[in-house]
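Trainee: This structure is in C-alpha cells; I'll ask about it shortly.
The values are calculated or read from the model by the stated rules, or taken from the named source; none is laboratory data. What you see is a predicted model, and the numbers here were worked out from it, not measured in a lab. Neighbour counts run over all protein chains shown; Cβ positions are idealised from the backbone, glycine included.
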C-alpha cells in the first residue's frame, strides 16, 4: 500500500507539472488565434466582431497568471471551451469523437504487434538457432527499418489504388452512420486493415527482439536450472518461469506505448485520412487552436500517467521484489 500511495503522489505532481506546461507551451508559439482569425477573413471583419469572436472562443487579454488560474479551474470542472478550428463545437465533443477512432486504431495495432512479437520472441529464444530465431528477426527488422510514411504510402498505392483491394480513406464507408450493425462493423474493420497493418509491420520486429533478448538473459538464471532439475515440463518452465520474468521490460514498454495510443498515429491518420486525435491535433496546430491543443495534450498526459500506474500495479503482481522493497 505504501508503494501505491508513493506512486500516486508522484503521478499527482507529474500531472500538475504537465498541466502547467500544457498552458504555457501553446502561448510560446509565434502568432496567436486572434491574428490567425483576422488573417483568415482578410480584414473583412470589424474589430467589434473580432472581439466578440475572441470572447466566444474564450480568449483573453488578462495577465498570464490570471489566465492560468482560470485554466486550472476549467480543467478541474472539465470545461475546455470551444474549439477554434471546429467552431462552434466544444473541445470535449471534438476530443470524444476523435478519440474513439484513435483508440480503435492504436489499440488494435498495439495489442496485435505486442502479442505476436512477444510470442515470437519467446519461441525464438527457447529454440535458439531455429527458423523462428534465424529468419524472422532480420526479416522483421528489415521491414521496420523503412520510413513509415513510405510504407504507408506504398500500401495505399498498391492495395487501395492499383488493385482496389481495400478502401483508400476514412474510418468507414461514406453513407453509413455509426450504429450496432454487421454492415457498419465490417466497413470499420475493412478500413482498419491498412493503417493498423502498416503499424504492426513496422513495430512487431522491435517487440520480438526485445522479448528475445530478455528471454535469453533469463534462461541463464539459476532458478531456470532448478526448474529443469525438478523435472517440470518444458511448457511450464518456458511460460511460468522464464517468460513471466522476461516480460518485465516488455510490460514497461507496453505501458508506455499504451499511454501514447491516445496521442494518435499522426502519420497514419494523415496518410489514410483517418479521423483520429492525431489528425485533430494537426488541425489545431495549423489553426492555432489553443483550447483544442490543450485538451488533446491533457488527454495524452492522462493516458500516459494512467498507463504507467497500471504498469506499476502489474509489476506488483509479476515481481515479488517490488512488494518487499
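Trainee: Condition test on residue 217, is it in contact (Cβ under 8 Å) with a residue 12 or more places away in the chain and crowded, with 18+ Cβ neighbours inside 10 Å?
Mentor: It is false that residue 217 is in contact (Cβ under 8 Å) with a residue 12 or more places away in the chain and crowded, with 18+ Cβ neighbours inside 10 Å.
Trainee: As an exercise: evaluate residue 202 against (1) free of Cβ contacts under 8 Å to residues at least 60 places away in the same chain; (2) over 23 Å from the mean Cα position of the chain (by Cα); (3) within 30 Å of residue 129 (Cβ to Cβ) and give the number of the one condition it does not meet.
Mentor: (2)
Trainee: How many of the residues making up region 263-278 are closer than 15 Å to residue 149 by Cα and in a helix (DSSP H, G or I)?
Mentor: Number satisfying all stated conditions: 7.
Trainee: Please work out if residue 92 is in contact (Cβ under 8 Å) with a residue 12 or more places away in the chain, part of a helix (DSSP H, G or I) and either out of contact with any helix residue (DSSP H, G or I) (no Cβ under 7 Å at 6 or more places or on another chain) or under 27 Å from residue 301 (Cα atoms) (or both).
Mentor: yes
Trainee: Of all residues in region 251-281 being within 22 Å of residue 157 (Cα to Cα) and at pLDDT below 75, which is surrounded by the fewest Cβ atoms within 10 Å (Cβ to Cβ)?
Mentor: It comes out as 266.
Trainee: Another one. Scan (1) touching a helix residue (DSSP H, G or I) at 6+ places or on another chain (Cβ under 6 Å); (2) more than 30 Å from residue 209 (Cα to Cα); (3) modelled with pLDDT of 80 or more for the single condition residue 81 breaks and write down its number.
Mentor: Exception for residue 81: condition (3).
Trainee: Right, next: Within region 220-238, track down each residue that is exposed (fewer than 14 other Cβ atoms within 10 Å of the Cβ) and closer than 20 Å to residue 118 by Cβ.
Mentor: Those that are exposed (fewer than 14 other Cβ atoms within 10 Å of the Cβ) and closer than 20 Å to residue 118 by Cβ: 220, 234, 235, 236.
Trainee: List the number of the failed condition for residue 244; all other conditions in (1) surrounded by fewer than 17 Cβ atoms within 10 Å (Cβ to Cβ); (2) at pLDDT 80 or above; (3) assigned to a helix (DSSP H, G or I); (4) under 21 Å from the mean Cα position of the chain (by Cα) hold.
Mentor: So the condition that residue 244 fails would be (4).
Trainee: Next question. Could you please give the count of residues in region 154-164 that are more than 15 Å from residue 268 (Cβ to Cβ) and modelled with pLDDT under 85?
Mentor: Matching residues across region 154-164 total 4.
Trainee: Here's another thing I want to ask about it. Residues in region 10-28: is at least one part of a helix (DSSP H, G or I), over 25 Å from residue 282 (Cα atoms), at pLDDT 70 or above and more than 25 Å from the chain's Cα centre (by Cα)?
Mentor: no
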